[in-house]
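The values are calculated or read from the model by the stated rules, or taken from the named source; none is laboratory data. This is a predicted model, so every value here is computed, not measured. FYI the Cβ positions are ideal-geometry reconstructions off the backbone, even for glycines, and counts take in every protein chain you see.
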């Protein structure tokens, strides 16, 4: 569980980071979950964009992806989602 200080720190790191994936009308499938899982393992913090054509709202997409990958939802800002999961191989982010 992230504290508010840790969430603020992660949001500041993600502010300059581009969205690495877009979620559209196809929704969340096995391949998307696998891709997100791999990205979390490599980067620890990722930003996703939910397109207007997506069938679900950004909050529900964030919760579903977090549950499927074991990540934590850092923030949902408009149609942007920030997910964080500590890497088991190489830790890149040191939380305060």
Legend entry - Scan of the stretch 54-81 for residues that are at pLDDT below 95 and under 14 Å from residue 32 (Cα atoms), ordered by number: 54
Legend entry - strands (runs of 3 or more DSSP E) completely within the chain that count 1 or more residues being buried (at least 17 other Cβ atoms within 10 Å of the Cβ) and in contact (Cβ under 8 Å) with a residue 60 or more places away in the chain: 72-77, 80-84
